[in-house]
Amino acid sequence: MKATAQAPANIAFIKYWGKADEELRLPLNSSISMNLSEAYTVTTVDFSREYQTDSIVLLDGVFSDKEKERTIRSLNRIRQKIENNMYARVVTKNTFPKGTGAAASASGFAALTVAAFASAGKKLSQKEITIFARMGSGSACRSIPDGFVLWEKGKTSEESYAHSLYSHEYWDVRDALVIVDTNMKKVSTTEGMESISTSPFLDARLAALPGRIDRCTEALARKNFSILGEVIEEDCLDMHHVMQTQVPPLIYWSDGTKTIMDAVIGWRKEGLAVYFTIDAGPNVHLIYEGQNERAVLEKIKTLYGVQRIIVNKAAAGAHLVDTHLF
Ligand code: DP6
């Protein structure tokens, strides 16, 4: 039976960088994110006896062999759970460029997991779905629940799941994703995290994270935007500090990235409440409240090197949709 799911990308306010267990994708720390309304993946899965093999097609790009293998590994885990050995046809499309730090693996594995279980007619709890999505790509578990989401690191697979802290309607926080570069990133997040322990600053990061999770949760609870923005920027810079001091160093920033970071700090001095965060790529997410959107967009337009801006509100989590891709 064909089933189609739409899943948002998410932007981490407190980042996941490093695994305690690579196979299960258990993270070294808990993380917090917001789902993005305009950056999402739609995936149709059809498990059927008619197929002799799995086929995986990306409509607006090409999957590498590695990405195909990883998708098949996810299908295998799902097949084991549904106790069925049918092959699947998977067709998928993204609304945003792949491999640019816009977290296509999060929305991709979230949509795949939801569509695959639905195609097999298997109903799981949301918690269980987040656990399966996590094994595909860690950050994908955060794209399942609604709005503002906490991924509990946990010590076991069952304990490492994501849940909603607040719905997407709770607070009008926005994320303008400023695209300065659409080339594939050179080192994937999975590969990059493998050498995290070579950074002499990892221990300091891990020691600071529980406090940051608390500050972020409290800023959300009180809708205190300056505390939220400060902790988001602090954690972004801290994660990149660890990345940049790994051996070999991982430097995802380009000139365009740094131009925007400097500009944001300058705009804040002028009184505009906007903060930046960056994942494993050169593109920059600007975080602000809805009432400041016009002012933020006016400012971005003055910058050199901006290719595209994707303006996001907080969004619902992964869900089934009626229109299939094939
Ligand atoms: C920098 O979830 O892509 O975006 O589990 O290896 O697939 P894998 O990693 P992935 O890592 C995301 C890293 C990040 C920070 C974040 O989103 O928390």
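The numbers here are math on the coordinates, done by the rules we state, and not lab data. Note that the coordinates shown come from a computational prediction; the quantities given were computed from them, not determined experimentally. Cβ placement follows ideal geometry from the backbone for every residue including glycine, while neighbour counts extend to all protein chains displayed.
This ranking places 326, 63, 96 by how few other beta-carbon atoms lie within 10 Å of each, fewest first, which gives 326, 63, 96.
With a ≥ b ≥ c taken as the square roots of the eigenvalues of the C-alpha gyration tensor of the chain, please select rounded if a/c is under 1.5 and otherwise prolate if a/b is larger than b/c or oblate if it is not? In terms of gyration-tensor shape, prolate.
In whole angstrom, how far apart do the alpha carbon centroids of the range 31-70 and the range 102-181 sit? Cα centroid to Cα centroid, the span is 15 Å.
Simple point charges give the picture: +1 on the Cβ of Lys and Arg, -1 on the Cβ of Asp and Glu, and for the chain a dipole about the Cα centre of about 460 debye. When the chain is treated as a GNM with alpha-carbon contacts under 10 Å, the residue of 287, 72, 14 showing the greatest mean-square fluctuation is 72.
Against the longest principal axis of the chain, how steep is helix 104-119, in degrees 0 to 90 to the nearest 10, with axes from Cα atoms? Around 30 degrees separate the two axes. Positive end of the dipole of the range 64-202 (Cβ unit charges, origin at the Cα centre): among 114, 197, 144, the Cα lying farthest that way belongs to 114.
Taking GluC sites (Glu not before Pro) as exposed when their DSSP state is a loop state and no more than 14 other Cβ atoms lie within 10 Å, the longest site-free interval of the chain runs over 170-269.
Taking a 30 Å limit on the Cα-Cα distance, which of the listed pairs 66/223; 186/269; 68/186; 15/186; 127/186 fall beyond it? Listed pairs above 30 Å: 66/223; 186/269; 127/186.
What ranking of 238, 214, 146 emerges when the number of other C-beta atoms within 10 Å of each C-beta is taken as an exposure proxy, fewest first? Walk me through the numbers on the way to the answer.
Values: 238 19, 214 11, 146 22.
Fewest-to-most Cβ neighbours within 10 Å comes out as 214, 238, 146.
Spin-label model, residue 302/residue 323: points 7 Å from Cα along the beta carbon direction are separated by 3.9 nm.
If only the Cβ of Lys and Arg carry +1 and only the Cβ of Asp and Glu carry -1, the dipole of the range 25-82 around its Cα centre is close to 420 debye.
The Kirkwood hydrodynamic radius of the range 109-261, based on inverse pair distances between different Cα atoms, is 17.6 Å. Between residue 170 and residue 76, the modelled labels are 3.7 nm apart [label points 7 Å from Cα along Cα→Cβ].
Against the main long axis of the alpha-carbon atoms of the chain, helix 255-269 sits at an angle near 50°.
Neighbour counts of C-beta atoms inside 10 Å place 149, 42, 57, 62 in the sequence 62, 57, 42, 149, starting with the fewest.
In a DSSP loop and with at most 12 other Cβ atoms within 10 Å, the trypsin sites (Lys or Arg not before Pro) in the range 137-176 are 155.
Here the range 286-326 and the range 211-242 have alpha carbon centers that stand 20 Å from each other.
Here is how the number arises for the chain: DSSP H runs of 4 or more residues each give -39500 (n - 2.57), the sum is divided by the residue count, and the result at 222 nm is -11500 deg cm²/dmol.
Axis angle, to the nearest 10 degrees, between helix 225-245 and the longest C-alpha principal axis of the chain: 70 degrees. The length gained by stretching the chain between residue 190 and residue 293 to full extension, at 0.36 nm per residue less their Cα-Cα distance, is 33.7 nm.
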